Amino acid sequence: MSLEMDVFVGNTTLIDEEVYQLWLDGYSDSPLTGYGTIQTVDNAVAKREQGGVTGGFVDLLLSDTMDQYRVFYRLERLLQSPDKLSNQLLFQIPPSMQSVLFERYYNFDEAFVRELLGKKLSKGTKKDLDDISIKAGVSLRSCRRQFDNFKRVFKVVEEMKGSLVENVQQHFLLSEKLARDYSAIVFFANNRFETGKKKMLYLTFEDFAFCAEQLIRSWTLGAAGSVADDMDVDLDREFLQDLKDLKVLISDKDLLDQHKGLVCRGVRGKMSTHCDIEGNFKGLSRGLVNIATKLMHSKDVRDFFIDLVEKFIEPCKSDHWSSEDVQLFLLQYTTSAHALGTFRHQVLWERYMVTIRSCILKMYHD
């Protein structure tokens, strides 16, 4: 009896995307330290069996999974330095598959990054990953990979000139969406914003990433046209110092009353009938202006988001303002200041309030 077989020989490295994702998710019991080392991949094999992959050939599935894991472990050092992957000869991987490898390797679980957001990317934080892993429902192995990725990206781009998003894209070959998310993580880690207080837990990573983009666009050295090394990472301290000049809006009684009158007339009949604008105006205005005047201090910068929640969002929620009410009030509050004849800080006011307004509207969940 003769058996005919077709055999194809090539040097292209074949990647099973499903197995790659299992490896990234931490479905392995011990790391592979060398090509010949026996890798325990029972969890990954069991997961593939659940998907009906085997067709009864468990040994074949085990062997295939181990082969794939060997490739991934040898690829990992190249994934950590993306520019090296296209310049090496050991693994022949098409550009389209390289993009998939990078994107998935640097992808992250939002539940995990939400726990980590704003924390220092240090050894001390890494020691807490066991607890964070349990809280976020993400495997410890995956948490460690994600943490190391955040730290690696941070170290590479923190002092680069130019756009933070473009620098992340260029050096780690990621999509624009993922590069923007990493830019937010870098920005929060650098400025150490407080995000973990109980009253802030309703806010998602997407909320904070959006706000980070607004702050980078308007309040950083890059936004001011500086030639500093870390243009998009550090806030413009001169701008933050100047914000103390806005205090005149609440310290000058005539200005405060004029501003109140303009805003009340502008929103009359347009907001929900239960909204007490006249009764709430001074408290809300003091809250917004006081946030601005304190940002010259590092501690108050760290408390920026919790101040927005405590001094504006919570008071509006307690009076049952809708998102539309908040949007209308903030728009009128911002534009009315331009009609105040003795108020001399129009450009500063606009730079401050446009960003504040965008952040509050994103953070205000009905």
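No other residue among D366, D254, D307, D300 is exposed (fewer than 13 other Cβ atoms within 10 Å of the Cβ) and assigned to a helix (DSSP H, G or I) apart from D254.
Are any of the residues in the range 229-243 closer than 16 Å to M353 by Cβ, open to solvent by 20 Å² or more (accessible area, probe 1.4 Å) and at pLDDT 95 or above? Yes. Residues in the range 178-216 that are crowded, with 18+ Cβ neighbours inside 10 Å and without any contact (Cβ under 8 Å) to a residue 24 or more places away in the chain: A179 only.
All conditions in (1) under 14 Å from D366 (Cα atoms); (2) in a helix (DSSP H, G or I) hold for I291, with the sole exception of (1).
Filter the range 318-335 down to the residues that are open to solvent by less than 40 Å² (accessible area, probe 1.4 Å) and outside any loop (DSSP other than H, G, I, E, B), then identify the one that is farthest from H259 (Cα to Cα). Steps first, please.
Of all residues in the range 318-335, those open to solvent by less than 40 Å² (accessible area, probe 1.4 Å) come to 321-323, 325-326, 329-330, 333-334.
Filter again for outside any loop (DSSP other than H, G, I, E, B), leaving 323, 325-326, 329-330, 333-334.
Numbers: S323: 22, D325: 18, V326: 17, F329: 12, L330: 12, Y333: 8, T334: 10 Å.
For the range 318-335, the residue satisfying everything is S323.
Of all residue pairs spaced 6 or more apart or on separate chains, those with beta-carbon atoms under 9 Å, a first member in the range 107-127 that is without any contact (Cβ under 8 Å) to a residue 12 or more places away in the chain and a second member that is surrounded by fewer than 21 Cβ atoms within 10 Å (Cβ to Cβ) are S122/K151.
Going through the range 336-349 one residue at a time, which ones are surrounded by 15 or more Cβ atoms within 10 Å (Cβ to Cβ) and more than 21 Å from G266 (Cβ to Cβ)? Break it down into steps so the answer makes sense when it comes.
Narrowing the range 336-349 to residues surrounded by 15 or more Cβ atoms within 10 Å (Cβ to Cβ): 336-337, 340, 343, 345, 348-349.
Selection gives L348 alone.
Across the range 257-276, what is the total count of residues that are more than 14 Å from L331 (Cα to Cα) and either under 37 Å from the mean Cα position of the chain (by Cα) or outside any helix (DSSP H, G or I) (or both)? If you could, list the steps in order and put the result at the bottom.
Here is the first cut: in the range 257-276, the residues more than 14 Å from L331 (Cα to Cα) are 257-258, 261, 269, 272-276.
When the remaining residues are screened for being either under 37 Å from the mean Cα position of the chain (by Cα) or outside any helix (DSSP H, G or I) (or both), the result is 269, 272-276.
Counting residues in the range 257-276 that are more than 14 Å from L331 (Cα to Cα) and either under 37 Å from the mean Cα position of the chain (by Cα) or outside any helix (DSSP H, G or I) (or both) gives 6.
Go through Q68, Q146, Q88 for me and flag whichever is open to solvent by 30 Å² or more (accessible area, probe 1.4 Å) and among the polar types (S, T, N, Q).
Working: Q68 fails: open to solvent by 30 Å² or more (accessible area, probe 1.4 Å); Q146 fails: open to solvent by 30 Å² or more (accessible area, probe 1.4 Å).
Every option except Q88 fails the conditions.
Please determine, by comparing only the residues of the range 339-349 that are assigned to a helix (DSSP H, G or I) and free of Cβ contacts under 8 Å to residues at least 12 places away in the same chain, which one is farthest from the chain's Cα centre (by Cα). Lay out the reasoning, then the answer.
Just the residues of the range 339-349 that are assigned to a helix (DSSP H, G or I), to begin with: 339, 346-349.
Within this subset, residues satisfying the condition of being free of Cβ contacts under 8 Å to residues at least 12 places away in the same chain are 346-347.
On the way: Q346: 31, V347: 29 Å.
Ranking the candidates gives Q346 first.
The residues on offer are V168, V113, V138, and the sole one that is more than 23 Å from A212 (Cα to Cα), among the aliphatic types (A, V, I, L, M), open to solvent by less than 20 Å² (accessible area, probe 1.4 Å) and within 18 Å of the chain's Cα centre (by Cα) is V138. Residues in the range 350-363 that are closer than 20 Å to K317 by Cα, open to solvent by 10 Å² or more (accessible area, probe 1.4 Å) and free of Cβ contacts under 8 Å to residues at least 60 places away in the same chain: R357, L361. For the range 128-167, give me each residue that is acidic (D, E) and in contact with a Leu (Cβ under 7 Å, 6 or more places away or on another chain). If the condition is that a residue be acidic (D, E) and in contact with a Leu (Cβ under 7 Å, 6 or more places away or on another chain), then D130 is the only one that fits.
The values are calculated or read from the model by the stated rules, or taken from the named source; none is laboratory data. What you see is a predicted model, and the numbers here were worked out from it, not measured in a lab. As a convention, Cβ positions derive from the backbone with ideal geometry for all residues, glycine included, and neighbour counts pool all protein chains shown. Protein only, heavy atoms only, side chains kept; ligands, DNA and RNA dropped before computing areas. Shrake-Rupley method; radii C 1.70, N 1.55, O 1.52, S 1.80 Å.
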